[in-house]
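Report on the structure given below.
The values are calculated or read from the model by the stated rules, or taken from the named source; none is laboratory data. Quantities reported herein were computed from a predicted structural model and do not represent experimental measurements. Heads up, the Cβs are rebuilt from the backbone with ideal geometry, glycines too, and the neighbour counts pull from every protein chain shown. Calculation scope for accessible area: heavy atoms of the full protein, side chains included, ligands and nucleic acids excluded. Shrake-Rupley method; radii C 1.70, N 1.55, O 1.52, S 1.80 Å.
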Amino acid sequence: MLLSSRCLSLLHLSLCLLLAHAAVDNSSQCPAPNITLPSSVTQTSYTVGVLAIRGFPAAYQEFNLTFGEYLNRKLRDVFHPKINFTMVPLDFTTLYTWVESKKVDFVYVNPSAYSCIESQYGASSLVTQKSIQKVGNNTYEFTLFGGVIFVRADRTDIKTIADLKDKSIAAASISGLGSGQAQFRVMVDNGLNYIQDPSQLVFTSNQGAVVNMVYKKVVDVGFVRTNQIELMESQGKTKKSYFRYLSPVNVYENGQPYPFESSTVLYPEWNVAALSHVHWLIQREVQRALLEMDQSELAAQAANIKGWIPTLSYMELRNMQEKLDFISKNPTTGQMECIRGTAMYDSITCPSGYFKQTEAEVAAGCAKLKLACPTDSSCTCKPCTKAFDVDVFQVNDTSAVSTSSDQTYLGCAKMTTCAVSQQRSKFKFSIIDNKKRDNMRFTYALHLTNNLVKGVANKTSTSYSYVIEEQINEKGQWLIEVFANDIQIS
């Protein structure tokens, strides 16, 4: 019997449907229809950047099968002209430089890094990772994670979040989520500042090192992601009973209790995102291919994941990052920018009413407080100085200083002894406008025994710096008033 072309098409369709359900190997699924790309799309090679938090070799071992072999196999016959994919591992520095220069087209990153890239450069999340972890005899699947705040079980002096004040804290990174920013949010919500209130912040770039530092009493408190300690326990590297979690919260995923204890709210897992220059047809097919991946794929097994789900919303994370100034608008360019954690000093944002010390002062801050920085870590200790909107203080050199962040140059409070000068010698006051305002006019009134001397402070060559210079020819104590645009400030 001869079959018509219509019957042959129906038969082919039926066979495809049967194969799609019966086959174990996903590569046997029927290919998507051939898609002719618009003539404006000339790019044929696409690069997927993978944030390699465990090193480049581990990144290749875990994800080259997904973003190299798997995507090429799934999409090699889909487009005309044909396209191909290459996976490249990146660290926190090269990630942003490669994104900015468009050396990568897709990224697989942690949620904080994605939020940063999306806000500053433009990106669209395609899929969210579905994680899987075996702990003991139990296997857990999850698409959300958070962070824990933990101490040694015998630290009875640290019971609440308020007790973190003036304690040493270790985390993986100031720009990480599960071992950094998620816990910083908890501190802020409880009235603490994550930069200024700890006695020392230690960043290890390694969550296992955080756990070990707490256990060995190198630091008082540790921040790691949910399931980190449980994972290390299953690997025989520690015991959960050694530690106690602070302020655990009830968290849920899909209406069910989350399988791990958490001190924070939960955020979506790592994701794959396309940069804005990638054509939507290619974005769509990459998303489709990843959604078809299941645990039977060698790529999923190498990555130790269950697969992928349609992207979850990262808006709650973005709101948190803006609240804590991890993402903020550049006042000059108007562009949203984020801290990147590649340089400690640049990552520090001081609380309101405080001003960041100089880079040299911040670098020496821990040594000044006699706090050692652990090996292979970066540290900061009380990097901000409380200051007035305008600081007024005596200086003895021939020029005004340019900053009030140095503890030597703390501004004078009202009605306090602010300067000492010898009779018939000149004295000098420096005025620093910490709010960095243009077109300010500073005047003063010096009350002597039988005289009132008024004048205008001279602007120096240093930005937002002014100087008052007078000579007193009599003994005693005198009062000097300083005015900013005719408003008394001192």
- Output for segment 146-160, where each listed residue is under 15 Å from residue 186 (Cβ atoms) and crowded, with 17+ Cβ neighbours inside 10 Å: 146, 147, 148, 149, 150, 151, 158
- For residue 126: the one exception among (1) open to solvent by 20 Å² or more (accessible area, probe 1.4 Å); (2) touching a residue at least 12 places away in the same chain (Cβ under 8 Å); (3) over 17 Å from the mean Cα position of the chain (by Cα): (1)
- Note on the structure: Those residues of segment 435-460 that are touching a Ser or Thr at 6+ places or on another chain (Cβ under 8 Å) and either modelled with pLDDT under 85 or assigned to a strand (DSSP E or B) (or both) come to a total of 5
- Quick one: which of 271, 227, 193 is in contact with a Phe, Trp or Tyr (Cβ under 9 Å, 6 or more places away or on another chain) and on the phi > 0 side of the Ramachandran plot? 227
- Could you please let me know if residue 309 is open to solvent by less than 10 Å² (accessible area, probe 1.4 Å) and among the hydrophobic types (A, V, I, L, M, F, W, C)? no
- What is the residue count in segment 434-490 for residues that are within 27 Å of residue 350 (Cα to Cα) and not basic (Lys, Arg)? 21
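A quick yes/no check of all residues on (1) within 27 Å of residue 329 (Cβ to Cβ); (2) without any contact (Cβ under 8 Å) to a residue 12 or more places away in the chain; (3) surrounded by fewer than 19 Cβ atoms within 10 Å (Cβ to Cβ):
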residue	(1), (2), (3)
348	yes, no, no
351	yes, no, yes
383	yes, no, no
389	yes, no, yes
392	no, no, no
- Those residues that are within 20 Å of residue 114 (Cα to Cα) and assigned to a helix (DSSP H, G or I), I need them from segment 37-59; list them, please. 56, 59
- Item | Selected residue [within 21 Å of the chain's Cα centre (by Cα), within 24 Å of residue 292 (Cα to Cα), open to solvent by less than 60 Å² (accessible area, probe 1.4 Å) and aromatic (Phe, Trp, Tyr)] from 79, 106 | 106
- Message: Here is a list: 330, 319. Which entry is free of Cβ contacts under 8 Å to residues at least 40 places away in the same chain and open to solvent by less than 40 Å² (accessible area, probe 1.4 Å)?
- Response: 330
- Message: Here's a check for you: in segment 289-300, which residue that is open to solvent by 60 Å² or more (accessible area, probe 1.4 Å) and modelled with pLDDT of 95 or more is nearest to the chain's Cα centre (by Cα)?
- Response: 291
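For every residue, the table says whether it meets (1) more than 30 Å from residue 66 (Cβ to Cβ); (2) touching a Ser or Thr at 6+ places or on another chain (Cβ under 9 Å); (3) modelled with pLDDT under 95.
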position	(1), (2), (3)
128	no, yes, no
143	no, yes, no
149	yes, yes, no
158	yes, no, no
172	no, yes, yes
182	no, yes, no
200	yes, yes, no
209	no, yes, yes
- Would you mention how many residues in segment 136-165 are of a type in the set (Val, Ile, Thr), touching an Asp or Glu at 6+ places or on another chain (Cβ under 8 Å) and under 15 Å from residue 224 (Cβ atoms)? 2
- Message: When you scan segment 310-326, do you find a residue that is closer than 13 Å to residue 70 by Cα, touching a Lys or Arg at 6+ places or on another chain (Cβ under 8 Å) and of a type outside the set (Asp, Glu), even just one?
- Response: no
- Is it the case that some residue within segment 359-369 is β-branched (Val, Ile, Thr) and modelled with pLDDT of 85 or more? yes
- Scanning for something within 23 Å of residue 113 (Cα to Cα), open to solvent by less than 40 Å² (accessible area, probe 1.4 Å) and either in contact with a helix residue (DSSP H, G or I) (Cβ under 8 Å, 6 or more places away or on another chain) or not hydroxyl-bearing (Ser, Thr, Tyr) (or both), does segment 359-379 turn up at least one residue? yes
- Would you point out which residue out of 90, 95, 65 is in contact (Cβ under 8 Å) with a residue 40 or more places away in the chain and surrounded by fewer than 23 Cβ atoms within 10 Å (Cβ to Cβ)? 65
- Query: Do we have residue 415 as farther than 23 Å from residue 348 by Cβ, open to solvent by 20 Å² or more (accessible area, probe 1.4 Å) and at pLDDT below 85 here?
  - Reply: yes
- Taking residue 238, is it in contact with a Phe, Trp or Tyr (Cβ under 8 Å, 6 or more places away or on another chain) and of a type in the set (Val, Ile, Thr)? yes
- Take the residues of segment 470-490 that are in a loop (DSSP other than H, G, I, E, B) and among the aliphatic types (A, V, I, L, M): which is most open to solvent (accessible area, probe 1.4 Å)? 489
- Unique match (being among the polar types (S, T, N, Q) and more than 29 Å from the chain's Cα centre (by Cα)) among 234, 241: 241
- Kindly indicate whether residue 132 is surrounded by 20 or more Cβ atoms within 10 Å (Cβ to Cβ) and touching a Ser or Thr at 6+ places or on another chain (Cβ under 9 Å). no
